[in-house]
1. Given a Förster distance of 22 angstrom, what is the FRET efficiency for Ser227 paired with Asn33, based on the Cβ-Cβ distance and rounded to 0.05?
2. Setting aside same-chain residues fewer than 8 positions from Lys85, which aspartates and glutamates have a Cα under 16 Å from its Cα?
3. Under 15 Å between alpha carbons: how many lysine pairs meet that in the range 245-292, if sequence neighbours fewer than 8 apart on the same chain are excluded?
4. Relative to the first principal axis of the alpha-carbon coordinates of the chain, what is the inclination of helix 2-22, with its axis defined by its Cα atoms, in degrees from 0 to 90 and to the nearest 10?
5. Going out from 0 in 5 Å bins, what whole percent of all Cα-Cα distances in the range 85-205 drops into each bin?
6. Once you wrap a convex hull around the alpha carbon atoms of the range 65-150, what is its projected area averaged over all directions, in nm²?
7. Distance from a point 7 Å along Cα→Cβ of Tyr198 to each backbone N in the range 110-136: keep the residues under 17 Å and list them by number.
8. Averaging the inverse of every distinct alpha carbon separation and then flipping it gives the Kirkwood radius. What is it for the range 24-103, in angstrom units?
Amino acid sequence: MKKILLILIISSLLLNGCQKQANPNGHFKTIDNTLDIMTMAEYEDKLYLATNEGLYVMDSNNQISLVKLIKPLSIIHTLFVSSNKDLYVGGMNGLIIIKSNKTQTYFDDRENWLPDTRILCVYEDNNNNKDTIYIGTFSGLGILNPKTMSGNIMTEKDGLLSNNVNVITRTDDGSLWLASYNVRGGGITKIKDSKIKYYKDELATINITSLLKEKNKLYFAGGMYNSGGMTEFDYNNSTWKIEKLWRRKDGFAGEKVRSIYKSANKLYIGSEYSGLAIWNGKVKKIYTNKDGLPHNEIKSIIKYKNNIYFGTRNGLSKWEE
């Protein structure tokens with residue numbers, strides 16, 4: 001009897017071990033473990049990857065290939081798809097606009113609407129029926145009319161809190177928000193009806209890396225080294241007010257927030273060093289490279305083909321339900 005019981009115990013342990021090894025990565029499937037992915041965008045039914053190594057594209061079969069650019073861009077920080085289906089690709093040495101017909105045009109700071117070749121973000125604004133492309137750089141804000149390819153710039157001399165413009169959005173009340181990632185002089189500039197308001201010391205962090213936008217709510221997140229968090233703004237009675245400062249103790253994976261994304265009822269918060277937090281209502285779970293992520297630095301999150309993808313410092317991962 002003892003022998004039979006021992007055999008059953010050993011068989012159970014072996015079976016559990018085999019089951020564990022059958023799916024070592026849990027809910028994550030690694031697509032690539034070589035690229036340093038800064039951000040991602042869906043364009044013409046494919047997933048484009050902005051990386052330190054150049055621009056890559058993934059097709060529906062998860063095959064990744066290098067996109068040949070008219071001029072090589074180093075450390076591509078931003079990808080943006082405009083309403084007229086142009087892909088804006090911004091790197092540390094200029095901006096390339098790719099048309100739907102595949103033609104490419106390169107721009108640098110010789111343009112009067114581009115204050116710097118180091119591109120951080122691109123945002124399209126249709127406020128007052130005026131088509132405007134805003135381009136955030138290390139040296140100010142570029143303001144471009146895409147129809148005439150003309151424009152101007154805005155810097156600290158014109159009212160910006162910081163020349164570093166890392167995040168841009170406009171809210172329904174007409175406010176233009178410009179957030180920076182600057183070690184000492186960071187924060188948020190809010191412009192409405194030519195009136196400028198600054199947010200700095202009251203924020204969870206003055207170094208903004210990412211934004212989540214919902215109706216009557218804004219979440220600015222970021223950090224520096226081992227500090228950071230997220231500031232929640234709420235719009236009520238025609239006024240924007242800070243509702244809450246979110247910190248690691250509230251359920252983040254780490255102090256510094258690198259990326260935020262919301263899909264259905266799930267909130268995904270990527271950290272700089274400590275992995276990924278997934279919130280589903282009141283349930284908060286932390287995932288790291290031990291759970292199958294290619295790296296604990298989650299730089300970008302996007303939904304593509306009904307799956308959530310994570311761009312990390314060491315490649316691309318897909319969340320599988």
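Only the coordinates and a few stated rules stand behind these numbers; no lab work does. As the structure is a prediction and not an experimental result, all values here were calculated from the model. Here the Cβ is made from the backbone with ideal geometry for all residues, glycine too, and neighbour counts use every protein chain on show.
1. It comes out at approximately 0.15.
2. Here the aspartates and glutamates satisfying the reach criterion relative to Lys85 are Glu42, Glu44, Asp45, Glu124, Asp125, Asp131.
3. 9
4. 20 degrees
5. Whole-percent P(r) values from 0 Å outward: 2, 11, 21, 24, 20, 12, 6, 2, 1, 0.
6. 5.6 nm²
7. none
8. Mean inverse Cα-Cα distance, inverted, gives 13.2 Å.
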